[in-house]
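> Sharing a structure with you now.
Since every read-out is calculated from the coordinates, none of them should be taken as a lab result. Note that the structure is a prediction, hence the values are computed from the model and not measured. Reconstructed Cβ throughout: ideal geometry from the backbone, glycine too, with neighbour counts over all protein chains shown.
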Amino acid sequence: MLRTTTTNDLQTYLAGTGTMETSLLGPAQQHEEAWFLGLRTNAGVDVDALRAEFGKELLDPALETVARLATDELLVFDGAHARLTARGRMISNEVFQEFLQPEIA
């Protein structure tokens, strides 16, 4: 998957003078983004769809995170979909960080 970004400066963006940056996302980064994007929706993350797209190896650690966050009442998980709770929405950025893979320097 290819990600493109533009400038954060509104005037530069409107003037069309900024440069566009692109980066290629690997499977682990795509998996992280799928959690972020899915958890931002009311429907939540479809776990079977992620399993089909990314496989058990990437999904299993994420499901451990889901179980922990559900215990902390930040997510609800019905076995098929993971969704943010009202409390989880209040601190969603912290919840999303829990799905990040540690970066190896």
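> Which numbered condition trips up L37, out of (1) outside any loop (DSSP other than H, G, I, E, B); (2) out of contact with any Gly (no Cβ under 8 Å at 6 or more places or on another chain); (3) within 30 Å of T7 (Cα to Cα); (4) in contact (Cβ under 8 Å) with a residue 24 or more places away in the chain?
Here L37 clears every test but (4).
> Something else: Please go through the range 34-60 and pick out each residue that is under 14 Å from F96 (Cα atoms) and exposed (fewer than 15 other Cβ atoms within 10 Å of the Cβ). Lay out the reasoning, then the answer.
Within the range 34-60, the subset under 14 Å from F96 (Cα atoms) is 34-41, 44-45.
Hits for the range 34-60 are L37, R40, T41.
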